[in-house]
Amino acid sequence: MLIPTVETLPAPAVILDWILHHRFLEIAKLFEGLGSAAPRLDWDPSPQAFESEKLRRLNEYWRGLAKGGVPSRSDFYPEDVSYMLGNLALIGLCQESGGLRYRVFGTALAERYERDLTGTEVAESAESLARFFGAAFRAVLEEQRPLYTRHLPPKDSPVNDCQRLILPFTDGNGVARHLLIGHLPYRSPLGSVARSAG
C-alpha cells in the first residue's frame with residue numbers, strides 16, 4: 001500500500017468537511033493509509049465516553065464554565081485543572097495568518113513527543129496526522145462544542161495510544177478563537193500490552 005505524503009493527502013478543507021459531516025468511512029480510509037486504525041470521534045462526549053478520569057474531569061470543568069454556551073478564555077484558570085498540567089495544549093487562531101498556533105504545549109507532551117510545539121503553527125507539525133487534527137481543531141471552533149478523539153497512531157509514532165479532548169473558548173467578543181486540549185499520549189514499555197493513559 002502506498003503511504004500518503006503531504007502532497008497526496010486530502011486538502012485540509014476536505015478533511016474538515018468529512019469531520020463536520022460525519023463521513024467516517026473517508027476518515028477511516030485516511031487513517032488506514034497512514035498505517036493507523038480508524039479513530040474514535042465523539043462530539044459532546046458523555047462521562048461514559050472517557051476511559052480516563054482526568055479527561056472526564058476536564059470535560060465536566062468545561063461544562064461548568066460553559067453553562068450551556070461556550071466559555072470565555074478569560075474564565076479559564078490553569079490552577080483549576082492542576083491534575084492535567086503538563087498534558088494541556090492551548091491553541092489560538094492567529095489574526096495575521098489565519099492559522100492555528102500552539103500558545104502552550106505542555107511539558108509532559110513535549111517530553112513524550114520529544115519536541116516543544118509552543119509558538120509553532122499546527123500546520124508546521126511533522127506528525128503524519130497533523131493535517132487531520134488541524135481540521136479537527138477547526139471543526140471544534142466552527143461547531144463550538146467539545147470533541148473527544150482516540151486513535152492508535154502509526155507505528156513510527158513515539159506513542160501508541162492517544163486520547164484528546166478538544167474544548168472551544170471564545171475571545172472577549174464572544175467569537176470562538178481558542179482551544180484547550182487535554183492530550184493523553186501513551187507509550188507502553190517494550191514487551192507490554194498497550195493500554196490507555198489516565
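Rule-based calculations on the coordinates, nothing more; no lab input. Because the structure is a prediction, the values reported are computed rather than measured. Cβ coordinates were reconstructed from backbone atoms using ideal geometry, including for glycine residues, and neighbour counts include every protein chain displayed.
Here is how the number arises for the chain: DSSP H runs of 4 or more residues each give -39500 (n - 2.57), the sum is divided by the residue count, and the result at 222 nm is -8000 deg cm²/dmol. Residues whose amide H falls under 5 Å from that of N160, counting only those 5 or more places apart or on a different chain, are Y186, R187, S188, with hydrogens built in the peptide plane.
Each residue in H22, H183 was given a count of other beta-carbon atoms within 10 angstrom of its own, and listing them fewest first yields H22, H183. In this structure, the amide hydrogen of S72, modeled 1.01 Å from its nitrogen in the peptide plane, lies closer than 5 angstrom to those of T170, counting only residues at least 5 positions away or on a different chain. Packing here is the average count of other Cβ atoms within 10 Å per residue, and on that basis the peptides 68-78, 103-113, 134-144, highest first, run 134-144, 103-113, 68-78. Here the chain is assigned +1 on the Cβ of each Lys and Arg and -1 on the Cβ of each Asp and Glu. Its dipole about the Cα centre then comes out at about 340 debye.
What net charge is computed for the residues neighbouring E26, neighbours being all others with C-beta under 12 Å from the C-beta of E26, Lys and Arg scored +1, Asp and Glu -1? Please report the intermediate quantities before stating the final value.
On the way: positive: R23, K29; negative: D17, E32.
Here the count lands on 0.
3J(HN,Hα) couplings calculated from phi for the stretch 65-78 with the Karplus curve 6.51 cos²θ - 1.76 cosθ + 1.60 (θ = phi - 60°) are, in sequence order, 6, 5, 6, x, x, 10, x, 7, 4, 5, 7, 8, 10, x Hz; Gly and Pro show x.
A Gaussian network model of the chain, with springs between Cα atoms under 10 Å, assigns the largest mean-square fluctuation among F132, F169, F24 to F24. The length gained by stretching the chain between E143 and R63 to full extension, at 0.36 nm per residue less their Cα-Cα distance, is 27.3 nm.
The length gained by stretching the chain between S82 and F24 to full extension, at 0.36 nm per residue less their Cα-Cα distance, is 17.5 nm. Between the residues L65, L30, F133, the greatest Cα displacement towards the positive end of the dipole of the chain, with unit charges on the Cβ of Lys, Arg, Asp and Glu, is found for L65. For the stretch 82-95, the Karplus equation 6.51 cos²θ - 1.76 cosθ + 1.60, evaluated at θ = phi - 60°, returns couplings of 4, 5, 10, 4, x, 10, 10, 10, 10, 10, x, 7, 7, 5 Hz by residue, with Gly and Pro reported as x.
Which of the three applies to the stretch 78-136, rounded, prolate or oblate, going by the alpha-carbon gyration tensor with a ≥ b ≥ c and a/c under 1.5 meaning rounded?
Details: a/c = 2.05, a/b = 1.37, b/c = 1.49.
Cα axes put the stretch 78-136 in the oblate bin.
A simple rule links phi to the HN-Hα coupling: the Karplus curve 6.51 cos²θ - 1.76 cosθ + 1.60 with θ = phi - 60°, which for the stretch 41-54 gives 10, 10, 7, 6, x, 7, x, 6, 6, 9, 8, 9, 5, 4 Hz, with x for Gly and Pro.
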